[in-house]
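The values are calculated or read from the model by the stated rules, or taken from the named source; none is laboratory data. As the structure is a prediction and not an experimental result, all values here were calculated from the model. Using ideal geometry, Cβ is built from the backbone for each residue, glycine included, and neighbour counts are taken over all protein chains shown. Only protein heavy atoms, including side chains, enter the accessible area calculation; ligands, DNA and RNA are left aside. Shrake-Rupley method; radii C 1.70, N 1.55, O 1.52, S 1.80 Å.
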Amino acid sequence: MNSFQIRQKYLDFFARNGHTIVPSSSLIPAQDPTLLFTNAGMNQFKDLFLGKEKRSYTRAASSQKCVRAGGKHNDLDAVGFTERHLTFFEMLGNFSFGDYFKKEAISYAWEFLTKDMQLPASDLYISVFREDDEAYNLWHEMIGVPTNRIIRLGEKDNFWQMGDTGPCGPCTEIYVDRGADKGCQSATCAPGCDCSRFTEIWNLVFMQFDRQTDGQLKPLAATGVDTGMGLERLCMIVQGKHDVYQTDLFQALIAAIEQLTGVSYQASAGSTKAAFHVLGDHIRSSSLLIADGCSPSNDGRGYVLRKIIRRAALFTQKLSSDLNVFVKLAEVFISQLGTVYPELLTSKTLIINLLSQELTRFAHNLEHGQVILEKYISENKQNNKTEMSGEQIFKLYDTYGFPPELTRVMAHEQGLTLDMDCFETEMKKQQEQSGKKVKRAENEFIITEHISTKFVGYETTEVESKILFAHYAGDHAWIITEESPFYVESGGQVNDTGTVSINHVQYKVIDLQKAGDTHNPAIVVKLALPAGAVIDSFVPGDSALCSVNPAIRANTVKNHTATHMLQAALMQVLGPQIKQAGSLVCDSYMRFDFNHHEALSKQQIETIEAIVNQKIMEDIPTAIFNTTLADAKTKGVISFFGEKYNPEKVRVVQIPGFSAELCGGTHARSTGIIGCFKITSDTALSAGTRRLVAVTGPEALKLFQTSYSIVKKLSEDFKAKPEEVGSAVQKLQQHYAEHTSTIKQLKKQLCKAQLPGWLNDMRMIKEVPTLFLNLDDTSADELRAITQELEKAKPGFYVIVGKDTAADRYSFIAHVAKQYEGKIDLKALSQFLKDRCDWRCGGSASTIQGGGTSLPAGFAASLEKWLQ
């Protein structure tokens, strides 16, 4: 039975038993700051278990994409060296939201494993929470599992909780006994042992308690079931394989590695065999992460992806000198799993390009970093040290891009451990020096009762409504009204601005937030209070006139609809793999981040602008309607990773025949309202992520008028036609470059002519030939050239100050010949220049350079006095 059949049998089994089959969510968790990546099937159902969300079904099943390579759940270091650890895996899960509980969950699990998967009942062992007599009895009395195959374990193994407080409950796990000849081979070996004899394949969590802050467990009003079973482990057991890498999920990848490297998998052992495993696993996780919108970067999710790719590069070297072996595996994996996860096929080009770019970027650092690492390893061994210092680990990370995980792999092979505490200290030092501070927001108030606000901002920009909640805090107050026209920042669109009038007093809106239920929140409005305002000048029950600034809203609407049109145009020009990676929509401009591996060409930008402007001129009426998430996906409506949608009700913004996206923002009634569209910049945010900035409506008109005025003025000055201005400017630039080159040559000649005179002016101070020069119209580069000429002619100590007229600042250089370094302390001179002139400088023991905006009177005399 292959993995495709096993996956389908699981879903079919639970569909027959009344479960709704829910597609896998993205690997990028939707609005959940507690998770780096989706790491369990229950992630997308979290709000259902917390009671914050309701859906049309109470039973669900899924095959969920999961990554465990960062944060609390991090298997990265173990991947390649164990039978079952993976960074990417598929979790088969069935869930009950206040429907069935322990009896049905246990019955379903046993039936599926023993009948559909045909696993021998005699090989299955059970663990239960030590206090869960109900589960124990169900396994023994209802299923018939002998008591000697049911083991009671403690909280560490068999009690699950979402956090320190909240939903939690006991769990029961199903193990497969793989034989007494496996694992530790101890006579007392049983489930819970760390060896590989008993493999846990299915975990059934029974959410029945609500843990309080004092640790007490209160029964939940509605119990729930959350189960999880790794597809890869199940395939390993069903297919009778020693480890997950021998299942059909990995065989095509391993065969491809053999073909690309010429190395035999069967004949391999140790780190060489581990390399096969690492490449097979890492191409799966990195490809799917990129397909779901993640790009390599230096922080957050992007940094974890970068670590995975770079770890793959390190292990590729054990098989081949060609790092592109890893990139070539992407095509094999995409063709294998593309029918299960179509996003792989859509993003194929992006995946290959991003992997190739990241490996090319890392190749140079990998080569040089390994030389330094080998040097550190050699030094440690010579000094009989068994631990690499935190400073060494940090140097490899900071200079050569070696994540500690890579350093650990290479150090481990040489019998060395890592001083990670010291490394973390070095990291904190760097963060403090670079000014990276963690900011924590504090709530000014807590809403204890359930309050919601009806948003009417789609229909109107002004409404009079009753105040439900009011809270005063110094020079401002927070209110909640029954209805509100104010749009709260979401989906890239910024907060509305405006005023609220209460009891004939107008208050400025200074902030907006949402609070309470995810899908039915309260809109909380922060108001600025005028000086001398009376506390409780408005209270719940008062009437408030809420007014959105109509001009700002109108321009924001133009930019938001244009953002959707830009996305559609990008997909037309660059391909369907284009995914939004972020956006900002305000009244003055729009910003759109998307996954792409290279800068857009001038022709591509012009084509995109032409497509959008054509649709604007067609004045297409927008169609906005609500439907279910499943229906929207069936119709090809675009959704975005990181956004959380209500499966029962989503809002579609459609420009018929051109664009359709899920969006809760405010939009133009028709495309013609936008006026016109112009891209103003295209920049790189990180490897594989681009950012476009564009303007529409009044701002686009303002840009046109400004540009026209500039071109018109240049046309008049150059006495050229507007279309010839570019050529005229190029000619001027060419002439300027020629004249600049001529001036440099003349200055060099002048320097040589003045050199004898400067040498004659040198005086002996502290037995060191010393010269101070103050030159006009001299750049920092020219100061360096003069210093080199003086050094050739007569080694000594020189301080040269130049007035850089173009930059309107002073530059200086101080240089001391090697034989005089012991007599002149440039570090002390640097401090003197800072105190005397407020100049900043840096350099070495022989040369310092810097400058400032002014040169104090009497500088030469004070410098000579300091030297003596």
Open item on the list: Going through LEU373, LEU314 one at a time, which residue ends up being open to solvent by less than 40 Å² (accessible area, probe 1.4 Å) and in contact (Cβ under 8 Å) with a residue 60 or more places away in the chain?
Closed with: LEU314
Task: Filtered residue count, the range 1-23, keeping only those that are open to solvent by less than 30 Å² (accessible area, probe 1.4 Å) and touching a strand residue (DSSP E or B) at 6+ places or on another chain (Cβ under 7 Å) - done: 6
TODO: Please determine, by comparing only the residues of the range 568-596 that are within 19 Å of SER639 (Cβ to Cβ) and of a type in the set (Val, Ile, Thr), which one is modelled with the highest pLDDT.
DONE: VAL585
Open item on the list: I'd like to know if the range 521-532 contains one or more residues that are over 22 Å from ASP496 (Cα atoms), open to solvent by 30 Å² or more (accessible area, probe 1.4 Å) and outside any helix (DSSP H, G or I).
Closed with: yes
- [ ] Evaluate the range 760-774: report whether one residue or more is open to solvent by 30 Å² or more (accessible area, probe 1.4 Å), under 45 Å from the mean Cα position of the chain (by Cα) and closer than 30 Å to LYS827 by Cα.
- [x] no
- [ ] For residues that are assigned to a loop (DSSP other than H, G, I, E, B) and of a type in the set (A, V, I, L, M), scanning just the range 164-192, find the one that is least open to solvent (accessible area, probe 1.4 Å).
- [x] ALA190
Open item on the list: Among the residues in the range 100-107, are any touching a residue at least 40 places away in the same chain (Cβ under 8 Å), within 24 Å of ASN39 (Cα to Cα), open to solvent by 40 Å² or more (accessible area, probe 1.4 Å) and in a loop (DSSP other than H, G, I, E, B)?
Closed with: no
Open item on the list: Considering only the range 647-668, I want to know if a residue exists there that is of a type in the set (D, E, K, R), over 25 Å from GLN603 (Cβ atoms) and part of a loop (DSSP other than H, G, I, E, B).
Closed with: yes
Task: Members of the range 262-283 that are part of a loop (DSSP other than H, G, I, E, B) and either open to solvent by 40 Å² or more (accessible area, probe 1.4 Å) or touching a residue at least 24 places away in the same chain (Cβ under 8 Å) (or both) - done: GLY262, VAL263, SER264, GLN266, ALA267, ALA269
- [ ] Identify the residue in the range 104-121 that is out of contact with any helix residue (DSSP H, G or I) (no Cβ under 6 Å at 6 or more places or on another chain) and either charged (D, E, K, R) or at pLDDT below 95 (or both) and, among all such residues, is farthest from HIS19 (Cα to Cα).
- [x] LYS115
- [ ] Report, by residue number, each residue of the range 841-855 that is under 22 Å from ASP776 (Cβ atoms) and either acidic (Asp, Glu) or open to solvent by 30 Å² or more (accessible area, probe 1.4 Å) (or both).
- [x] CYS841, GLN849, THR853, SER854, LEU855
Open item on the list: Tell me the residue from GLN259, GLN161, GLN212 that is open to solvent by 30 Å² or more (accessible area, probe 1.4 Å) and without any contact (Cβ under 8 Å) to a residue 12 or more places away in the chain, please.
Closed with: GLN259
Open item on the list: Can you confirm whether VAL332 is open to solvent by 30 Å² or more (accessible area, probe 1.4 Å), outside any loop (DSSP other than H, G, I, E, B) and farther than 24 Å from THR689 by Cβ?
Closed with: yes
TODO: Please state which of the following conditions LYS644 fails to meet, knowing it meets all the rest: (1) modelled with pLDDT under 95; (2) surrounded by fewer than 13 Cβ atoms within 10 Å (Cβ to Cβ).
DONE: (2)
- [ ] Mind listing whichever residues of the range 588-629 are without any contact (Cβ under 8 Å) to a residue 60 or more places away in the chain and buried (at least 20 other Cβ atoms within 10 Å of the Cβ)?
- [x] LYS615
Task: Residues within the range 809-821 that are touching a Ser or Thr at 6+ places or on another chain (Cβ under 8 Å), open to solvent by 50 Å² or more (accessible area, probe 1.4 Å) and more than 19 Å from ALA860 (Cα to Cα), tallied - done: 2
Task: Verdict on LYS633 being open to solvent by 60 Å² or more (accessible area, probe 1.4 Å), modelled with pLDDT under 95 and of a type outside the set (Gly, Ala, Ser) - done: yes
- [ ] For the range 482-492, state whether one or more residues are touching a strand residue (DSSP E or B) at 6+ places or on another chain (Cβ under 7 Å), at pLDDT 80 or above and on the phi > 0 side of the Ramachandran plot.
- [x] yes
TODO: Identify the single condition in (1) of a type in the set (Ser, Thr, Tyr); (2) part of a helix (DSSP H, G or I); (3) over 20 Å from GLY688 (Cα atoms) that TYR303 does not satisfy, given that it satisfies every other one.
DONE: (3)
Task: Filter result (out of contact with any helix residue (DSSP H, G or I) (no Cβ under 7 Å at 6 or more places or on another chain), hydroxyl-bearing (Ser, Thr, Tyr) and either closer than 30 Å to ARG591 by Cβ or in a helix (DSSP H, G or I) (or both)) within the range 533-568 - done: SER547, THR556, THR563
Open item on the list: Just checking, does the range 686-698 include any residue being modelled with pLDDT under 90 and open to solvent by 90 Å² or more (accessible area, probe 1.4 Å)?
Closed with: no
TODO: Sort through SER681, SER707 and tell me the only one that's under 23 Å from the mean Cα position of the chain (by Cα), without any contact (Cβ under 8 Å) to a residue 24 or more places away in the chain and exposed (fewer than 14 other Cβ atoms within 10 Å of the Cβ).
DONE: SER681
- [ ] Name the one entry in ILE786, ILE800, ILE824 that is outside any loop (DSSP other than H, G, I, E, B), touching a Phe, Trp or Tyr at 6+ places or on another chain (Cβ under 7 Å) and surrounded by 17 or more Cβ atoms within 10 Å (Cβ to Cβ).
- [x] ILE800
Task: Residues of the range 417-431 classified as modelled with pLDDT under 85 and either outside any helix (DSSP H, G or I) or among the aliphatic types (A, V, I, L, M) (or both), total - done: 1
- [ ] Among residues belonging to the range 570-586 that are among the β-branched types (Val, Ile, Thr) and open to solvent by less than 20 Å² (accessible area, probe 1.4 Å), point out the one that is farthest from ILE290 (Cα to Cα).
- [x] VAL585
TODO: State all residues of the range 495-520 that are surrounded by fewer than 17 Cβ atoms within 10 Å (Cβ to Cβ) and assigned to a loop (DSSP other than H, G, I, E, B); if no residue qualifies, say none.
DONE: ASN503, HIS504, ASP517, THR518, HIS519, ASN520
- [ ] For LEU253, state whether it is open to solvent by less than 50 Å² (accessible area, probe 1.4 Å) and either closer than 17 Å to ASN158 by Cβ or out of contact with any Ser or Thr (no Cβ under 7 Å at 6 or more places or on another chain) (or both).
- [x] yes
